[in-house]
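The values are calculated or read from the model by the stated rules, or taken from the named source; none is laboratory data. Given the structure is predicted, the values throughout are model-derived calculations rather than measurements. Here the Cβ is made from the backbone with ideal geometry for all residues, glycine too, and neighbour counts use every protein chain on show. Just so you know, the surface numbers come from the protein's heavy atoms only, side chains and all, with ligands and any DNA or RNA stripped out. Shrake-Rupley method; radii C 1.70, N 1.55, O 1.52, S 1.80 Å.
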Amino acid sequence: MEDDGAATSDAEAFERALSHLAPHLEAVGAGKPQFSPYKRLRFEDQVRVLLDAKVPAFSFIYGIPPKAILEECHRQGILTIGTATTRDEAIAMEEAGVDVAVASGFEAGGHRGSFLRSSEDSLTGTISLVPQIVDAVGVPVVAAGGIADARGIAAAFALGAQGVQMGTVFLACEESGATTLHRQAILSGKASRTSLTRGFTGRLARGIHNQLLEEVNRPGVAVLPYPLQRALMRNLAVPAQQAGRSEFLALWAGQSAGIAQYPDVATLLQSLVNGVSEKLA
């Protein structure tokens with residue numbers, strides 16, 4: 001779903017947001033993008049693809065799907081998994097009939113999925129959020145955010161979670177489909193500093209702190225509503241990747257990116273299985 005203002009954002013707003021990217025576009029040999037009015041994508045049409053494919057699980061963020069969609073998922077035996085960044089969001093999901101609640105701490109990479117309050121007002125850490133949600137709901141709780149090794153998994157179980165969701169350490173593996181520059185940035189040992197920004201997509205998200213993130217976070221930098229800002233930034237992403245300029249890329253990563261060390265998924269999984277077995281023995 002788009003943010004308020006996406007449908008009415010005009011060419012003048014586009015040019016203001018573009019002005020901060022123009023020097024970087026020129027540096028990587030990219031042409032200047034042109035404004036075009038936003039065309040809304042219907043959430044219901046996107047979900048229909050999943051329902052028709054009869055996927056085993058439907059995971060979502062930024063709120064709760066309409067009742068009719070959740071009911072059809074249940075009729076088809078599709079497990080519904082919703083993301084909560086606060087205790088109240090988890091309660092709302094359980095009341096709506098969502099099967100599993102993901103307790104997403106603010107350490108997590110990528111977008112903050114907040115929907116009852118602003119993202120900036122929903123920045124609870126994983127170690128605090130998980131037990132709050134475990135105590136508040138009866139559905140299974142999955143811990144997410146800053147979990148990057150066996151120690152984090154064992155800690156999540158100790159807090160009452162019944163599972164974990166891990167992103168950044170898997171993103172570093174070549175099987176993830178992430179670009180080489182992105183994987184190298186995570187595994188470089190220089191990814192320990194991450195920051196939150198709206199400048200990459202228009203919504204609050206966490207990535208590795210680089211030149212681009214620092215610039216879009218400066219006071220006065222114009223940011224378009226989601227998903228317009230995301231579309232604008234894509235004009236820089238592809239040529240920057242081709243030019244090998246990681247300083248101009250949105251490099252999603254959580255706060256534990258600095259301890260990621262495995263470039264292949266088999267080795268990573270084996271380390272997690274062995275490590276958790278030792279911790280919980």
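Annotations
- For segment 175-257, with all protein chains in place and a probe radius of 1.4 Å, 47% of the accessible heavy-atom surface sits on carbon or sulfur.
- Nearest 10 degrees, 0 to 90: helix 43-53 Cα axis against the chain principal axis: 50
- Point-charge dipole on Cβ atoms (K/R +1, D/E -1) for segment 94-196, about Cα centre, debye to 20: 440
- Overall form of the chain per C-alpha gyration tensor (a/c, 1.5; a/b vs b/c): oblate
- Taking a Cβ cut-off of under 13 Å around E44, the surrounding Lys, Arg, Asp and Glu residues balance to a net charge of +1, with basic ones at +1 and acidic ones at -1.
- Rounded percent of accessible protein surface that carbon and sulfur make up, segment 61-138, 1.4 Å probe: 51
- Antiparallel %, DSSP beta bridges [both residues in segment 140-281], to 5: 60
- Over segment 91-179, Cα pairs under 8 Å with separation of 6+ residues give a relative contact order of 29 percent.
- Per-residue packing, averaged as other Cβ atoms within 10 Å, sorts the ranges 119-131, 214-226 into the order 119-131, 214-226, beginning with the highest.
- Environment charge at F106 (Cβ cut-off 9 Å; Lys +1, Arg +1, Asp -1, Glu -1): +1
- Segment 158-206: C-alpha gyration tensor shape, a/c 1.5 cut-off, then a/b vs b/c: oblate
- Beyond 16 Å, the tail of the calculated P(r) for segment 83-180 holds 53 percent of the Cα pairs.
- Rounded to the nearest 20, the Cβ-based charge dipole of the chain about its Cα centre (Lys and Arg +1, Asp and Glu -1) stands at 440 debye.
- Taking the square roots of 5 times each eigenvalue of the Cα gyration tensor of segment 148-281, largest first, gives ellipsoid semi-axes of 31, 17, 12 Å.
- Per-residue 3J(HN,Hα) values for segment 147-158, derived from phi via the Karplus relation 6.51 cos²θ - 1.76 cosθ + 1.60 with θ = phi - 60°, read 8, 10, 7, 4, 4, x, 5, 4, 5, 4, 5, 5 Hz in sequence order (x marks Gly and Pro).
- Farthest towards the positive end of the charge dipole of segment 37-97, among the residues V49, P37, I64, is the Cα of P37, using unit charges on the Cβ of Lys, Arg, Asp and Glu.
- Bridge type composition, the chain - antiparallel percent by DSSP, nearest 5: 30
- Å² of accessible area per residue within segment 1-115, as computed with a 1.4 Å probe and no ligands counted: 53
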